[in-house]
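A.B. asks: Pasting a structure here, questions to come.
The values are calculated or read from the model by the stated rules, or taken from the named source; none is laboratory data. None of the values given here were measured: they were computed from a predicted structure. Every residue, glycine as well, gets a Cβ built from its backbone with ideal geometry; the counts of neighbours run over all protein chains shown.
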Amino acid sequence: MRRRSPEHPSSRRSHVATSYVRVFTPSLVNDFRVGFNRYRLDYVPINFAPGAGLGNELGVPNSNVTPREQNLPIFSPATYLGVGQTRSLPLYRRRTRFRSSIT
């Protein structure tokens, strides 16, 4: 089940690893290892509405620059508690890694 909220992010992971060991002599061993992993993690606000531009509608210029930035911007006057989205959301993380070692 995929839920799209800060409490339940949408995520997808892929992992593969393999190794190969070759014994040439009792004192000479070759070990080759390779690995691959990829993950995608999406945190979006609970009431996310693409294209809403709430900050721009409230008169804060350039607060919603991309379609992914559609929430109320954080307002925090000096010495007062801030108002607005509690996290820097939406948050989209993507990472792909390849690892290898020869010993």
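A.B. asks: Which condition from (1) in a loop (DSSP other than H, G, I, E, B); (2) among the hydroxyl-bearing types (S, T, Y); (3) modelled with pLDDT of 80 or more is the one that S63 breaks?
C.D. replies: (3)
A.B. asks: Taking the conditions exactly as written (at pLDDT 75 or above and under 25 Å from Y92 (Cα atoms)), does G35 satisfy them or not?
C.D. replies: So G35 fits the description; yes.
A.B. asks: For a quick check of your reading of the model, give me the residue pairs whose first member lies in the range 83-103 and is loosely packed, with under 12 Cβ neighbours inside 10 Å, whose second is among the small types (G, A, S) and at pLDDT 85 or above, with beta-carbon atoms closer than 6 Å and at least 6 apart or on different chains.
C.D. replies: R99/G35
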